[in-house]
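*Asks:* Quick one: structure below, then a few questions.
Please treat every number below as a calculation from the coordinates, not as lab data. Worth saying up front: this structure is predicted, and the values here are computed from it rather than measured. Neighbour counts are summed over all protein chains in view; Cβ atoms, including those assigned to glycine, are modelled from backbone coordinates with ideal geometry.
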Protein chains: 2
Amino acid sequence: MKTSILSALAILITLNLSAQPRQGPQFEPPPEGFKPASTNIFLANYPAVNQETREAIFKVVAPTAQHVQVDIAGKKYDMTEDTAGVWTGMCDPQVVGFHYYAIVIDGVRVTDKNTLTFFGSNWEMSGIEIPEGPEGDYYRFNKDIPHGQVRSIYYWSDINGLERHINVYVPAEYEKNPGKKYPVLYLVHGWGENENGWSRQGHMANIMDGLIASGKALPMIVVMPSGDINTNSDVREATGNVTEIYANDLVPFIDLTFRTYTDREHRAMAGLSRGGFQTCLTVSTHMDKFAWMGTFSGFFIRGDDGIETAFNGMFKDAEAFKQQMNLLFISTGTEERSPEQWVKALRDHGIDNVVSHVSEGTAHEWLTWRRALKDFAPRIFVRE
Amino acid sequence: MKTSILSALAILITLNLSAQPRQGPQFEPPPEGFKPASTNIFLANYPAVNQETREAIFKVVAPTAQHVQVDIAGKKYDMTEDTAGVWTGMCDPQVVGFHYYAIVIDGVRVTDKNTLTFFGSNWEMSGIEIPEGPEGDYYRFNKDIPHGQVRSIYYWSDINGLERHINVYVPAEYEKNPGKKYPVLYLVHGWGENENGWSRQGHMANIMDGLIASGKALPMIVVMPSGDINTNSDVREATGNVTEIYANDLVPFIDLTFRTYTDREHRAMAGLSRGGFQTCLTVSTHMDKFAWMGTFSGFFIRGDDGIETAFNGMFKDAEAFKQQMNLLFISTGTEERSPEQWVKALRDHGIDNVVSHVSEGTAHEWLTWRRALKDFAPRIFVRE
């Protein structure tokens, strides 16, 4: 029976190949001033975002549910049901950029079927992109410039004892210059996200394409690994140290697979949130491998540590640190915990090559990190 | 407040970088004989699959829900609640391979938070991989052979009036042979899925890596486009003809971007379900571009059409068809609608280069299509 339904459905659909307007409340046109979010699934009109106020309307088909809410940016909004079992709700104006959200059905947080999912907080969550005006052009697709590729690669890690998935951004010119080598930026996601975060939620390829096309950043390879240590079903207990995997499995694999410069002057590492912390840990224990570093919303120093003892004493000898590290970039949004005291402490300690970047009006969220990458990437590597 | 919670969480997590066993019922060890599915999120132990019987156990945390079920392969199974609000359910033995499924909470179909999501039936569904023995090695990662890359690319389509996302598999040797050209297979997904289906649900890269490493298939580029015509928020009405996009936007873009042979003898097209139908439509209207074709679970002929009139009369002149088309490959699972009458009709009509492939014991599902690709890819293109 399953088979015959599927076959019948397939036949029905194939008879009409063109994409037609779909039936259902999620496909009805949104009200004046609202447009479907770019994160919606194929042809869905909801969630719809007001282009002026940045409010969003959500629709959920759930005739058997008792209570439905939309949960976005830390606030739950009750939805109201019409006679056909369609629930509608609207949220307050949202900050520009990408936001995770959930639908709450009878108290259980679930996804909105009208959106694509994005791995965050360790589950596949719904996401919504709140548009803005021309400022956001730097992270949108620009048809008038050349585009790099994000390559999905599995490689074997001896330390992990398992294949590991990475994404590698390769600049547009890479294949046109078969004799040219490139510097490499290792770019890490945060807690609860995965190696797809920077390319999907962060639009890093659009950002890098624009920076490279305009000459603001040098053409570079960007490697986006997983910050978690996956295990297989037979050994489902976490083992190993992810910083060792980065330095001793991943870096050699990249240098073998791509046309890279393999000296430290041509290698940078940066990460957001926990990825910033992992960057500090990895660089501090492998100073021979990296000469540029950035931490976006993630300059965390452990409770008992001060500048002298943090990260294996990396900053203790300020002169030695400055000689080795061309850049220490620390970024944060104004609406989240500030690293200002640590930036001041670093400078007071003599580390005056710290660059402090602030994202106005944003919290621990993707607009902060898109802006950070846009500011960071032009600062690394030296034109030959 | 949102910010401080996130920051506190981030700090908490970063203080313990190693991946530790997680708390919660989904992280408790499964019973004897059961193992976590490979489709689970990071470290989740459920769903867990019995390696012998192929039954699966699911766990859902939903203390406020009234009724929870798991819905897999066309059958709903009631789950039972313990005193802590954790619902547990077990399904019947499943066919080997990949299956979509949903959790039903108070009558509403939602995802299982313990699994990754896979785009199917036009929403981001939960998926579960049911393992099998050595037969399945062909679609699993093999650490002892070279691996190709799946490249995620956005290109501008004039016909669509929008950027289109494609995935392109490039064989392992591609970058080691900068002077060599490659044949191209265009491989299309089915209704309700998207351009990620073949690489994620289908494991096509593992299949191709194995076929190429063993010499069974020639090194080739495999292009996986979207079979839907996305529209932007300003023009959210479907326009255009996807077969025209394939032939007149996509093929030229690929030939410009990759080192391809650009003659029809080096170009094949295949698809599953609706993608098989799209293959027949595209090839029939662009016989000058393709010399090999395959349709997996998708040889659909419209109601009024017979062999002579189907697909713009492509088969009418059997000799002419055979002269142009080196292979017509028609595949199906034994548990779905059979194309046998059409295969017979084609042969009776003189088209004796039809290859009919049957997948034993499988329905309209991914194991059918993994097997079809494994059988099809070695048959296309001619060794130079």
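*Asks:* With equal scatterers on the alpha carbons only and no solvent term, can you work out the Debye log10 of I(q)/I(0) for the protein assembly as shown at 0.11 1/Å?
*Replies:* Debye output, listed in q order: -1.32.
*Asks:* Shielding by partners for A:354-367, please: the mean number of other protein chain Cβ atoms within 10 Å of each residue's Cβ.
*Replies:* 1
*Asks:* What's the center-to-center distance, using Cα atoms, between segment A:112-146 and segment A:157-229 in Å?
*Replies:* 18
*Asks:* Considering only the label points, 7 Å along Cα→Cβ from Cα, what distances in nm to one decimal separate A:Gln23 from the same position in each other copy, shortest first?
*Replies:* Spacings between copies for this position, smallest first, are 4.8 nm.
*Asks:* Here's another thing I want to ask about it. By counting other Cβ atoms within 10 Å of each Cβ, how are A:Asp112, A:Asp249 ranked from fewest to most?
*Replies:* If I rank by nearby Cβ atoms, fewest first, I get A:Asp249, A:Asp112.
*Asks:* For labels at A:Asn232 and B:Gln323 in the simple 7 Å Cα→Cβ model, what's the distance in nm?
*Replies:* Once both label points are built, they end up 5.4 nm from each other.
*Asks:* Now for a separate question. Using Cβ counts within 10 Å as a stand-in for footprinting exposure, how do B:Glu336, B:Glu55 rank, fewest first?
*Replies:* B:Glu55, B:Glu336
*Asks:* OK, next. Hey, which lysines would be in cross-link range of B:Lys289, C-alpha to C-alpha under 20 Å, not counting anything within fewer than 8 residues on its own chain?
*Replies:* B:Lys181, B:Lys316, B:Lys322
*Asks:* For a test of the definition: using alpha carbon positions, the gyration tensor, and the 1.5 limit on a/c, classify segment B:314-384 as rounded, prolate or oblate.
*Replies:* Cα axes put segment B:314-384 in the oblate bin.
*Asks:* Among the lysines, select those whose C-alpha is under 16 Å from the C-alpha of A:Lys216, and discard any that sit fewer than 8 residues away in the same chain.
*Replies:* By straight Cα distance, A:Lys216 reaches A:Lys374.
*Asks:* Let me ask something else about it. Need one word for segment A:24-131: rounded, prolate or oblate. Basis is the Cα gyration tensor (sqrt eigenvalues a ≥ b ≥ c); a/c below 1.5 gives rounded, then a/b vs b/c decides.
*Replies:* In terms of gyration-tensor shape, rounded.
*Asks:* Kindly identify segment B:137-379 as rounded, prolate or oblate by the Cα gyration tensor criterion: order the square roots of the eigenvalues as a ≥ b ≥ c, call it rounded if a/c is under 1.5, otherwise compare a/b with b/c, prolate if a/b is larger, else oblate.
*Replies:* Verdict is rounded for segment B:137-379.
*Asks:* Points 7 angstrom from Cα along the Cβ direction at B:Glu360 and A:Glu173: gap in nanometres?
*Replies:* It is 5.7 nm.
*Asks:* Still on this structure: Say each of A:Val61 and B:Lys180 gets a label point 7 Å from the Cα, pointing the same way as Cα to Cβ; how far apart are those two points in nm?
*Replies:* With each label placed 7 Å out from Cα toward Cβ, I get 5.0 nm.
*Asks:* Sorting B:Lys216, A:Lys59 on the 10 Å Cβ count, fewest up front, what's the list?
*Replies:* B:Lys216, A:Lys59
*Asks:* Average partner chain C-beta neighbours within 10 Å, per residue of B:169-181?
*Replies:* 1
*Asks:* Next question, about the same structure. 7 Å along Cα→Cβ for the label point: how many nanometres lie between A:Asp92 and each equivalent label in the other copies, listed shortest first?
*Replies:* Spelled out, the distances from A:Asp92's label point are 5.1 nm.
*Asks:* Under 24 Å between alpha carbons, and skipping anything fewer than 8 positions from A:Lys113 in its own chain: which lysines qualify?
*Replies:* Filter leaves A:Lys2, A:Lys35, A:Lys59, A:Lys75, A:Lys76, B:Lys59, B:Lys75, B:Lys76, B:Lys113.
*Asks:* Run through the other copies and list how far each one's label point is from that of A:Gln66, in nm with one decimal, shortest first; the point sits 7 Å from Cα along Cα-Cβ.
*Replies:* Its label point is 0.6 nm from the equivalent points in the other copies.
*Asks:* Still on this structure: Step through the residues of segment A:116-125 one at a time and calculate ³J(HN,Hα) from phi using the Karplus curve (6.51 cos²θ - 1.76 cosθ + 1.60, θ = phi - 60°), rounding each to whole Hz and writing x for Gly and Pro.
*Replies:* Here the 3J(HN,Hα) series is 5, 10, 9, 6, x, 6, 6, 8, 7, 9 Hz.
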